[in-house]
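Working notes for the structure below.
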Amino acid sequence: MKPAFLLAAATVAVAVLATVPLYANGYQLSLAITLMNYTVLATAWTLFSGPTRYVSLATVAFFGIGAYTAAVLAERMAWPWILLIALAVGLAVALIVGLSTLRLSGVYFVIFTFGLAELIRQIVTWYEVNVTRTLGRYIFVGIDPADIYWQLLGLAVLVFAAGIVIRRSRLGLALRVIGDDETVARHVGINTTIAKVALFALSAAFMTLCGAVMAPRWTYIDPAIAFSPVVSFQVLIMALLGGVHRLYGPLFGVVPLVLLFEFLLARFPNHFSILVGLAFMLIVYAIPQGIVGFVERMVRRKGEAA
Amino acid sequence: MSAPLLEVAGLTRRFGGLVAVDDISLSLQPGEIMGLLGPNGSGKSTVLNLISGALRPDHGSVRLNGHEIGAAAPHRIARLGVARTFQLVRVLGSLNCRENVLAGLAFGRDALWGHPAQQRADELLARVGLAGRANTATAELTYIDQKRLELARALALDPRLLLLDEWLAGLNPTELQDGIALVRSLRGEGLTILLVEHVMDAIRSLCDRCVVMNAGRKIAEGAPDAVLAEAEVIRAYLGDDDA
């Protein structure tokens, strides 16, 4: 397919998606926001973790930082400033964490990122209990669901644009080399630390902004809501189900799983975690390459048979 | 004699109580091929790892064109013009052959990107005998072709010094002759090569000089035939009875 055609198709798709708040009812818009939220998070996750194969569970750490920054600053300044400050905080944390931990690999990195999210949650809790003396905050800003949806759509466009640009750049090749063999990467002249930290920070920046944009959805947040580890796991499952070797892969995991989780939460609220766990195991065992990888292999096999 | 391209002096590296490389000194003239020999575990690969920056020396210096590189990070050393292959062949599995070579072109001394890089990658593939295989997945390559690909990736860095770690090991006799001819042709292009090798045919036909190591120390240095006849070298390989 020609790039011009793809660009036109993408533009039409975004334009159609942008009209959703004009005719959707409250429930449909809420579902669309959830879909868009996880699209941004899972695609941002894949920006870094897809090529490098560093599995991160820090998604909610950055998402929560964004949400909390927005909650603290709400009503004190204009919304764009809040987003900028959230972005700066998220980037700063990502750079510090990236520089200090991206030497870890494999399971150590996974556990560290999980611990990071919990650590930040505990610090925020401690601060709220001991310094501000109130746990939990109300967020009153004049931002309605349609605004949230449009901001998320804008973020999604940015994530995809960033992904496409990186994919075609030297940095994109560097990340794929790192994912295959970090030793080789160093010996062909790649500064692996800079490449990894840059992408980790970029990915974290999108997650942080996403959290900030989503904050007004809740009206009330506390650390347990903003830093819920379930978010990190859900993003991970969605990305894996869709397939992480293509930029658009996570989309194919986000849509079915958001709908599935929605159904499970409505019908089996008490068994939700168990069922999510089962879904996770099924996905990892049955389609380790994700839906996109599975379909690509089928197409290739068909091509060879013909 | 002109200034050496590579000058290693007093190189030492310990792993716990084991002295893997013990006070090794050697130097290579531009355009020279030197063999680094010795029984298994004598520290040859560690020397290559120290020169390429994979490991840092405890003592001693490594100079490339007079510049100290002993404590530099591997990506810096690669950008200064030191390329290497690995004892256990390491191709990049999720990339095709052309992309494997692009990985060497994109970050090296005179980094190339875009169309010129693609063209150069295809030239390099042809250079090592993989013409027309640019879009082949690495999993479909035979062992020698994987080794060829690894060599093309190393050459993509446009190196001054090439480190080959048993690049000729595991090849059948025909492949070995091809491999030797390929390495020899690289010298014709002015490349300086330090190779760790066990294959004696290759050493005799390729190397100008050899350094023999045993238990981390240098036990002999000189022309291949002379070195291989030395009593201490025979003892290191075969034991006292045969010396």
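The values are calculated or read from the model by the stated rules, or taken from the named source; none is laboratory data. Since the structure is predicted, the reported quantities are computational estimates derived from the model, not experimental observations. Note that we place each Cβ from the backbone using ideal geometry, even for glycine, and neighbour counts take in every protein chain shown.
Considering only residues that are more than 13 Å from chain A (Cβ to nearest Cβ), touching a strand residue (DSSP E or B) at 6+ places or on another chain (Cβ under 8 Å) and aliphatic (A, V, I, L, M), which ones fall in region B:121-150?
Passing the criteria: only B:134.
Looking at (1) at pLDDT below 90; (2) over 14 Å from residue A:224 (Cα atoms); (3) surrounded by 14 or more Cβ atoms within 10 Å (Cβ to Cβ), which is the only condition residue A:137 fails?
Every condition holds for residue A:137 apart from (2).
Is it true that some residue in region A:8-26 is surrounded by fewer than 14 Cβ atoms within 10 Å (Cβ to Cβ), of a type in the set (Phe, Trp, Tyr) and part of a helix (DSSP H, G or I)? First the steps, then the outcome.
Step one: filter region A:8-26 for residues surrounded by fewer than 14 Cβ atoms within 10 Å (Cβ to Cβ), giving A:8-9, A:11-13, A:15-16, A:19, A:22-23, A:25-26.
When the remaining residues are screened for being of a type in the set (Phe, Trp, Tyr), the result is A:23.
Remaining after also requiring part of a helix (DSSP H, G or I): A:23.
Yes, that holds for at least one residue.
Is it the case that residue A:72 is farther than 19 Å from residue A:147 by Cα, among the β-branched types (Val, Ile, Thr), in contact with a Lys or Arg (Cβ under 9 Å, 6 or more places away or on another chain) and crowded, with 22+ Cβ neighbours inside 10 Å?
Answer is no for this residue.
Just to be sure before I move on: is residue A:209 more than 14 Å from every other protein chain (Cβ to nearest Cβ), surrounded by 19 or more Cβ atoms within 10 Å (Cβ to Cβ) and farther than 23 Å from residue A:149 by Cα in the structure I sent?
So residue A:209 fails the test.
Within the group A:279, A:266, which residue is without any contact (Cβ under 8 Å) to a residue 40 or more places away in the chain and part of a helix (DSSP H, G or I)?
On the way: A:279 fails: without any contact (Cβ under 8 Å) to a residue 40 or more places away in the chain.
Result of the check over A:279, A:266: A:266.
Taking region B:82-120 on its own, how many of its residues are within 8 Å of chain A (Cβ to nearest Cβ) and under 15 Å from residue B:143 (Cα atoms)?
Residues meeting the conditions: 4.
Residues of region B:42-76 being within 9 Å of another protein chain (Cβ to nearest Cβ) and within 14 Å of the chain's Cα centre (by Cα), which ones?
Correct list: B:52, B:53, B:54.
Could you pull out the residue among B:186, B:164, B:195 that is of a type in the set (A, V, I, L, M, F, W, C), on the phi < 0 side of the Ramachandran plot and assigned to a helix (DSSP H, G or I)?
Sole residue among the options that is of a type in the set (A, V, I, L, M, F, W, C), on the phi < 0 side of the Ramachandran plot and assigned to a helix (DSSP H, G or I): B:186.
Out of region A:58-102, which residues are free of Cβ contacts under 8 Å to residues at least 60 places away in the same chain and more than 18 Å from residue A:216 (Cα to Cα)?
A:88, A:92, A:96, A:100, A:101
Show the residue pairs that are 6+ apart or on different chains and have beta-carbon atoms under 6 Å apart, the first residue being within region A:149-170 and without any contact (Cβ under 8 Å) to a residue 40 or more places away in the chain and surrounded by fewer than 22 Cβ atoms within 10 Å (Cβ to Cβ), the second being outside any helix (DSSP H, G or I) and not small (Gly, Ala, Ser).
These pairs meet every condition: A:170/B:113.
Condition check ((1) at negative phi; (2) in contact with a Gly (Cβ under 9 Å, 6 or more places away or on another chain); (3) β-branched (Val, Ile, Thr)) across all residues:
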residue: A:221; (1), (2), (3): yes, yes, yes
residue: A:232; (1), (2), (3): yes, no, no
residue: A:240; (1), (2), (3): yes, yes, no
residue: A:250; (1), (2), (3): yes, yes, no
residue: A:275; (1), (2), (3): yes, no, no
residue: A:280; (1), (2), (3): yes, no, no
residue: A:284; (1), (2), (3): yes, no, yes
residue: A:287; (1), (2), (3): yes, yes, yes
residue: A:299; (1), (2), (3): yes, no, yes
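Among the residues of region A:166-176, which ones are within 9 Å of chain B (Cβ to nearest Cβ) and under 23 Å from the mean Cα position of the chain (by Cα)?
Selection gives A:169, A:173, A:174, A:176.
Inspect region A:52-64 for any residue being surrounded by fewer than 22 Cβ atoms within 10 Å (Cβ to Cβ) and modelled with pLDDT of 90 or more and give the result as yes or no. Working first, answer last.
Here is the first cut: in region A:52-64, the ones surrounded by fewer than 22 Cβ atoms within 10 Å (Cβ to Cβ) are A:53, A:55.
From what's left, modelled with pLDDT of 90 or more: A:55.
Looking through region A:52-64, at least one residue is surrounded by fewer than 22 Cβ atoms within 10 Å (Cβ to Cβ) and modelled with pLDDT of 90 or more.
Rundown of residues vs (1) among the hydrophobic types (A, V, I, L, M, F, W, C); (2) within 19 Å of the chain's Cα centre (by Cα), yes/no style:
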residue: A:218; (1), (2): yes, yes
residue: A:226; (1), (2): yes, yes
residue: A:234; (1), (2): no, yes
residue: A:239; (1), (2): yes, yes
residue: A:246; (1), (2): no, yes
residue: A:255; (1), (2): yes, yes
residue: A:263; (1), (2): yes, no
residue: A:268; (1), (2): yes, no
residue: A:272; (1), (2): yes, no
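For region B:187-202, which residues satisfy the criterion of being among the hydrophobic types (A, V, I, L, M, F, W, C) and closer than 20 Å to residue B:52 by Cα?
B:191, B:193, B:194, B:195, B:196
I want to confirm something. Restricting to region A:158-188 and keeping residues that are part of a helix (DSSP H, G or I) and basic (Lys, Arg), which single residue is modelled with the lowest pLDDT?
Within region A:158-188, the match that is modelled with the lowest pLDDT is A:167.
How many residues does region B:129-147 contain that are in a helix (DSSP H, G or I) and surrounded by fewer than 24 Cβ atoms within 10 Å (Cβ to Cβ)?
7
Within region B:198-243, track down each residue that is buried (at least 20 other Cβ atoms within 10 Å of the Cβ), among the hydrophobic types (A, V, I, L, M, F, W, C) and assigned to a strand (DSSP E or B).
B:210, B:211, B:212, B:213, B:220
From the set of residues in region A:189-203 that are touching a helix residue (DSSP H, G or I) at 6+ places or on another chain (Cβ under 7 Å), part of a helix (DSSP H, G or I) and within 12 Å of chain B (Cβ to nearest Cβ), which is nearest to residue A:171 (Cα to Cα)?
That would be A:195.
Return a yes/no flag: does region A:124-143 have any residue that is assigned to a helix (DSSP H, G or I), away from chain B (no Cβ under 14 Å) and over 20 Å from residue A:222 (Cα atoms).
The answer is no; no qualifying residue exists.
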